[in-house]
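Shown next, in structure tokens, is the structure this report addresses.
Every number in this text was worked out from the coordinates using simple rules, so none of it is lab data. Just so it is clear, the model here is predicted, and its values are computed rather than measured. Here the Cβ positions follow ideal geometry from the backbone for every residue, glycine too, while neighbour counts run over all protein chains shown.
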Amino acid sequence: MQHPVIASPQVTNHILHKFKLRADKKLGQNFLIDEDIVRRIVEAAELTPEDTVLEVGPGIGTLTQGLAESGAQVVAVELDKRLLPVLDTTLEGYDNVRIVPGDILKVDIMKEVGAENFKCCANLPYYITTPIIFAILEKRLPMERLVVMVQKEVAERMAAKPGGRDYGALSVAIQYYTEPEIAFIVPPTSFIPAPAVDSAVIVCKRRAKPPVEVCDEALFFRVVKVAFSLRRKMLNNALKNMGINGEKVAQWCELAGIDGKRRGETLTLEDFAALTNTFNQIK
């Protein structure tokens, strides 16, 4: 059975008109109308009929349709109740798609996915990009690959290397859990309504284990947050926010083998690990 391609201006507008829908600004909705972009996202996910893929926020089913055409089992979690009857219509005939009503931050992902391993694809609302990504990564779920479309600026921060202006706490956290790579840029003209900025699709391959060993992950991320909290300050000053005085900060940096005159944006994951693993040695 031939299905109309949702990722076209004509079909999308027909669906929106038929169901009297408008993009909800509060939910950060922009509807994708570029068939080629959908194809490239599905390619980046490297799906096979043996795979299970979790989609966050299927909307009217644009990307969902592309994922389903790969033959993979698709589990799509949708928060907006208005869209549930729409999805029932647009994805009718796709026996490999299951829509789960709910909030991705609250659902039991493993229970819904029902597979030992899975991949994740999403065109994420800009306003909640980071919480969703971390909700998935921090749970240490058996996810092989995360392919998401986000604001271009966010993608650049996720993939940034030490020393650049885009490098920050988000870069460190994403690279601790995954190996991120920007796949391609998506212009505003690929959506209705058109957003004000470019988007990007980023592929994050889940690491089997983090690239550095730390004695305490919570402490590691606290050190990272503190180091970037005062971007223009040297570590000698920024690290005082760990609740220690300047003398102890100097001792700590010496123990970790790091020059206290450096700024947080120059530190590698190895540097942050060294600070974490020596913190409890401060006297």
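Take the Cα of residue 181, step 7 Å toward its Cβ, do the same at residue 241, and the gap between the two points is 3.4 nm.
Computed on the Cα trace of region 146-234, the radius of gyration divided by the Kirkwood hydrodynamic radius gives Rg/Rh = 1.04.
Distant-in-sequence amide contacts of residue 53, defined by a placed amide H-H separation under 5 Å and a gap of 5 or more residues or a different chain, comprise 73, 74, 75, 119.
Taking the Cβ of each residue in 94, 177, 167 as the centre, tally the other Cβ atoms inside 10 Å and list the residues starting with the fewest. Please report the intermediate quantities before stating the final value.
Values: 94 17, 177 20, 167 23.
By the 10 Å Cβ count, ascending: 94, 177, 167.
Relative protection proxy for 124-134, 264-274, 11-21, from highest mean packing down: 264-274, 124-134, 11-21 (other beta-carbon atoms within 10 angstrom). Once region 50-160 is represented by equal point scatterers at the alpha-carbon sites, with solvent omitted, what log10 I(q)/I(0) does the Debye formula produce at q = 0.19, 0.21 Å⁻¹? Debye intensities relative to I(0), on a log10 scale: -0.99, -1.20. Approximating the spin labels as points 7 Å out from Cα along Cα→Cβ, the residue 232-to-residue 95 distance works out to 6.4 nm. In the frame of its principal axes, region 217-281 has Cα extents of 25, 23, 20 Å, reported largest first.
Decide, for region 9-206, between rounded, prolate and oblate: order the square roots of the alpha carbon gyration tensor eigenvalues as a ≥ b ≥ c, take rounded if a/c falls under 1.5, and otherwise choose prolate if a/b is larger than b/c, else oblate. Before the final figure, lay out each step's value.
Working: a/c = 1.67, a/b = 1.24, b/c = 1.35.
Judged from the Cα gyration tensor, region 9-206 comes out oblate (a/c at least 1.5, b/c at or above a/b).
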